[in-house]
Amino acid sequence: MTIELCPARTADERACIEHLMQFFNYELSAWYPVRLAEHGLYTLRPKGPYWAEPRTQPFLLRVDGELAGFAVVDGECVEPARSRYNLGYFFLVRRFRGRGLARQALVQLLQALPGAWEIYYLARNAYAEHFWGPALSALPLVGLERQERVIDDEPSVWFRFETAVTPTGGAR
């Protein structure tokens with residue numbers, strides 16, 4: 001199985017990500033009081049302004065051509081003077097988890113956008129806790145920092161680092 005990071009350039013591709021955000025919110029509802037609206041879907045903040053931000057870069061994840069998740073990089077950094085990229089969303093559907101595919105997608109993302117990064121997750125998210133620390137520790141990153149912080153009024157785990165991999169895959 002191979003995973004591919006596909007830029008979501010069209011309105012239909014971004015709408016697909018918004019549909020997948022329903023599953024993202026479903027997963028979060030295991031640890032947080034994410035409520036369903038009366039129509040049976042989670043209410044999302046309107047994404048039009050988010051997609052219009054120049055530093056927002058949405059991607060669909062495909063495994064052997066099949067839709068499998070999404071990632072969104074943005075400029076909403078906790079420490080914008082030190083970081084260029086923030087991973088706003090990262091989601092892989094359950095049937096593809098546990099096979100190293102999320103880690104492969106992360107490597108592709110970091111190779112595509114080299115520089116100073118921030119990644120954080122909500123502290124009670126057990127899936128994120130299981131994934132992010134080991135995944136980042138296994139990569140050749142420069143200055144990897146991990147801190148427990150309160151971000152947007154929520155206890156979170158925050159990472160900051162710079163990539164040590166160039167877009168061609170060689171060491172910097």
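Every number in this text was worked out from the coordinates using simple rules, so none of it is lab data. Since this is a predicted model, take the numbers as computed values, not measurements. All Cβ positions, glycine included, derive from the backbone under ideal geometry; neighbour counts span all protein chains shown.
Quick look at the numbers
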{"quantity": "Karplus-derived 3J(HN,Hα), 6.51/-1.76/1.60, for each residue of the stretch 103-117, Hz, glycine and proline x", "calculated": "5, 4, 5, 4, 4, 4, 5, 5, 6, 6, 10, x, x, 8, 10"}
{"quantity": "The stretch 93-172, relative contact order [Cα under 8 Å, separation at least 6], %", "calculated": "36"}
{"quantity": "Computed FRET value (nearest 0.05) for LEU36 with ALA11, which takes r as the C-beta separation and R₀ as 22 Å", "calculated": "0.30"}
{"quantity": "Local net charge near SER29, Cβ-Cβ under 12 Å (Lys/Arg +1, Asp/Glu -1)", "calculated": "+1"}
{"quantity": "Relative contact order %, the stretch 3-163, counting alpha carbon pairs below 8 Å whose residues are six or more apart", "calculated": "19"}
{"quantity": "Ordering of 6-12, 83-89, 116-122, 38-44 by packing [mean C-beta count within 10 Å, highest first]", "calculated": "116-122, 83-89, 6-12, 38-44"}
{"quantity": "Listed peptides 95-101, 144-150 by packing density, highest first (mean Cβ within 10 Å)", "calculated": "95-101, 144-150"}
{"quantity": "Neighbour net charge for ALA71 - beta-carbon separation under 12 angstrom, K R +1, D E -1", "calculated": "-1"}
{"quantity": "Semi-axis lengths (Å, descending) of the ellipsoid that matches the C-alpha gyration tensor of the stretch 67-132", "calculated": "21, 15, 9"}
{"quantity": "Size of electric dipole in the chain: Cβ of Lys, Arg +1 and of Asp, Glu -1, about Cα centre, debye, nearest 20", "calculated": "340"}
{"quantity": "For ILE151, distant residues with modelled amide H under 5 Å away", "calculated": "SER156"}
{"quantity": "Charge tally in the Cβ shell below 12 Å around ARG84, where Lys, Arg are +1 and Asp, Glu are -1, ARG84 excluded", "calculated": "-2"}
{"quantity": "Beta bridges by DSSP in the stretch 13-159, antiparallel share as percent, to the nearest 5", "calculated": "90"}
{"quantity": "Cα-centre dipole for the stretch 100-170 with unit charges at Cβ (Lys and Arg positive, Asp and Glu negative), debye to 20", "calculated": "260"}
{"quantity": "LEU113-LEU44 FRET efficiency (beta carbon distance; Förster radius 22 Å; 0.05 resolution)", "calculated": "0.35"}
